[in-house]
Amino acid sequence: MSPSDNLSTLPIIGRPHKRIDGPLKVSGTARYAADFHFHDLVYAVPVCATIANGRIANIDTSSAARMPGVRKIYTHENIGTFYHVSKASKVMLDEKRPPLEDNQVRYYGQYVALAVADTYEHAVAAARAIKATYADVKAPSVSTRLSADKPPEKQTERGDADGAFEHAPVKIDQTYSTPTETHNPIELHASVALWDGSHFTLYETTQAIMNYRAVMAQMLGVPTDNVRVITEYLGTGFGGKLWPWPQALLAAAAARDLHQPVKLVVSREMMFHNVGHRPHTQQRLRLAAEKDGRLVSLRQDYIDMRGQLSDYQEDCGEASGFMYSTANLRVTGAYTERNVGTGTSMRGPGKVPGSFGLESAMDELAIALNMDPVALRLKNEPEKDEEKNIPFSSRHLKECLTHGAELFGWSRRNPAAGSMRDGDTVLGWGVAACNWMAARFNAEAKITLFGDGSVRVASGTQDIGTGTYTVIAQMAAALAGVDVDAVKVVIGDSDLPPGPWSGGSMATGSMVPALVQAIEQAGEQLKTIASENESFKGVEAKELVFTQGKVHRKDQRPDAGKHFRDILSSARVAQVEGHGKGQSTFGQKNPQYSMQSFGAHFVEVAWQPKLARLRVNRTVTVIDAGRIINPLTGRNQIEGAVVMGIGMAMFEETRYDERNGKAVNSNLADYLMTSHADMPEQMEVVFLDYPDTKFNAMGARGIGEIGLTGIAAAITNAVYHATGVRVRDLPVHIEDLL
Ligand code: MOS
């Protein structure tokens, strides 16, 4: 078996399988970061700045320090040293400034002190008794009218975009915006830190334990080997838990100082300021076409709104260079700084707002051309990746569009806005394409095959809640020729061989080569052991092969061979262990293929003008993401993304108070998200099945993010079709439609 073999047809791969961790979760036995409790544990509660731009003049901690149960109060004067991460180390961190580093305040809610006490209630009371006074307080800049702070940077360019735009017969020039969005995983950010005099053990809620360990080691000034990060389960993260945030350092520093375990749980309100958000974006799209719909120019100029402590960029232009065929194109990016917290990746970073712009603009262009929006996209399907000038490893966007159109009944669509009525209800039908990259991280895994027929897989990755435990178990079971029940998956501990981040929709795809190599290594040892087994008398190890759990002679079919269970038990060997490693595809010089997933969303909205009521009635989504390892958890990913996309289109926006920079709707009642009552009656998800074996041996690309790209545009395109109102600034407000 070599990583280039096509393993996409293995049994168990592609079979719907319930989450193996489901029973632990529904019975409350799965432990999340804040569930860890230790003898002598103390509780830390941060004090948050009530200004967004100024400096701390004084912090009076005297009465708080004398309150019952209080262990210690920390400020910038006594927290000790945190170090900065070096660019050279290539670790990932968005808020670069360590907490409590100085007396400057750059955003509302920034931590200015920390109260530590024997109970949570005592710590809350002490935190409230800490009195901070501020000086040089300036009005915060939180305006969402964006203009670039510095000249925009050219991201990609080909041909003569300006000239072609100038001379084209049909064109549109529009500006679109998406608001600041806050990640609202139900599990809050939380840190439980232990220090034993030389080593930290950190129970965290992170999508990337290995990076977390590296960042914490650097910032705390201890060797990487002296930090262990544990994340057994996550109550999701949506990208907000990719990198460490300041609370983790505060908990660790207090644990080191007090020689006691410290727990710090970020409150829901703090989640709106202190642990990232999707930045507000604004993009101007200029598209031009010939009368037959052929795109002749695409220009996209975007700006994102950035906090003061990070260089995180919401890259709205990532997909624009290769989505559609056009000879002339230019994409630029710029930013403007505000007194808001630190931005970070949120599910489908860049492409989600980017696709809202591009897919809305394509709809507007279709209308200007008097052309069907599906037909316009089909007309501009590229032969290859025109940005990188290389072929796609596998691209089936056309089939996503045509198959989706058929399932949805698109041919019955009357293109005139407001023309499709059902009594007092006006129906609107909209479409948009989606895309997400396929890439792999470095990843290592260990597979142990035991004499009792069971299998253990270990890797320093984590399950964000999407089904990673289950998918790893399926892949290992398929490779080792056992049932999924026989596999134990051990992840969520940075002491394990370094595994991939749960980010960029890359965890599953990154695991494939590591698992394949690990099983191959275990197989080599089995062959040696088997050559001494009586059933292979006189056969040398090199004449044997290992296929899906069985050792057999090269001239024999696998089922005529011997299962590893029998080989190990007859040799009285307890186990064999293989270690595998997969290489990152990032920064590959001269890649042969452009690797991308594609898809299409079709949406029906219902608009009831008399009631001023808008809802999404039904959706059809077709996704081309290679081989789907588990269609059950896979469909769940796309459905979840559609639900989140309804929120993006119609509800979600973080609004800042111009007076003090506070996120005014910093709670789950005022920050609106899709609820059960908002769910479409029908949500159909179809996966095309084109294993991308150029990407990995199982042909599996990622599916975590693609479903959220395009969906907001599909909804606003449908809203236009129903109402004749083009919403270019998300979310749709009912008053926009009246
Ligand atoms: Mo995803 S935003 O890479 O967690």
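Miscellaneous remarks
- Distance between the C-alpha centres of the stretch 174-197 and the stretch 659-738: 19 Å, rounded to the whole angstrom.
- Bridges between two residues of the chain, per DSSP, are antiparallel at a rate of about 80%.
- Ordering of 382-393, 523-534 by packing [mean C-beta count within 10 Å, highest first]: 523-534, 382-393
- Peptides 705-713, 43-51, 329-337, 507-515 ordered by average Cβ neighbours within 10 Å, highest first: 705-713, 507-515, 43-51, 329-337
- Kyte-Doolittle at least -1.0, axis length at least 30 Å by Cα - qualifying DSSP helices, the chain: 507-530
- Each Lys and Arg adds +1 at its Cβ and each Asp and Glu adds -1 at its Cβ; summed about the Cα centre, the stretch 316-406 shows a dipole of about 240 debye.
- Segment Ser570-Ser198, extension gain: residue separation times 0.36 nm, minus the distance between their alpha carbons: 129.4 nm
- Net charge of neighbours whose Cβ lies under 14 Å from the Cβ of Lys554, counting Lys and Arg as +1 and Asp and Glu as -1: +2
- Placing dummy labels 7 Å off each Cα toward the beta-carbon, the span from Val490 to Asp555 is 4.2 nm.
- Zone residues, the stretch 445-488, relative to Leu632, backbone N less than 19 Å from point 7 Å out along Cα-to-Cβ: 463-479, 482-488
- Distance between the modelled labels on Ser62 and Ser419, one decimal in nanometres: 7.8 nm (7 Å Cα→Cβ projection).
- For a straight C-alpha distance cut-off of 18 angstrom, the lysines reachable from Lys72 (same-chain residues fewer than eight places away being disregarded) are Lys131, Lys263.
- Per-pair calculated FRET efficiency, R0 = 56 Å: Lys537 and Ala677 via Cβ, rounded to 0.05: 0.20
- Most tightly packed first, judged by the mean number of other beta-carbon atoms within 10 Å of their residues, the peptides 128-136, 426-434 read 426-434, 128-136.
- Computed label-point distance, nm, for sites His37 and Ser267 using a 7 Å Cα→Cβ extension: 2.2 nm
- Sum of side-chain charges, Ala252 neighbourhood, beta-carbon under 14 Å (Lys, Arg +1; Asp, Glu -1): +1
- Computed over the stretch 601-738, Kirkwood Rh from alpha-carbon pairs, angstrom: 16.5 Å
- Bridgeable lysines around Lys662 (alpha carbons under 18 Å apart, same-chain partners fewer than 8 residues away excluded): Lys138.
- Excluding same-chain neighbours fewer than eight residues apart, the lysines reachable from Lys446 by a Cα-Cα span under 27 Å are Lys18, Lys25, Lys90, Lys241, Lys488, Lys527, Lys542, Lys550, Lys554, Lys562, Lys581, Lys694.
- Here the scattering of the chain is modelled by Debye summation over its C-alpha atoms, one equal scatterer each and no solvent; at q = 0.05, 0.07, 0.10 Å⁻¹ the log10 of I(q)/I(0) is -0.27, -0.53, -1.03.
- Shape of the stretch 1-156, Cα gyration tensor, a/c cut at 1.5: oblate
- Net length gained if the chain between Glu166 and Arg659 were fully extended (0.36 nm per residue, minus Cα distance): 173.1 nm
- For a label point 7 Å along the Cα-to-beta-carbon line of Glu524, residues of the stretch 566-608 with backbone N under 18 Å: 575-583
- Taking other residues whose beta carbon is less than 11 angstrom from the beta carbon of Gly467, and scoring Lys, Arg as +1 and Asp, Glu as -1, yields +1.
Rule-based calculations on the coordinates, nothing more; no lab input. Predicted model, so just to flag it, every value in this text is computed and none were measured. Cβ sites come from the backbone with ideal geometry, for glycine too, and all protein chains shown count toward neighbours.
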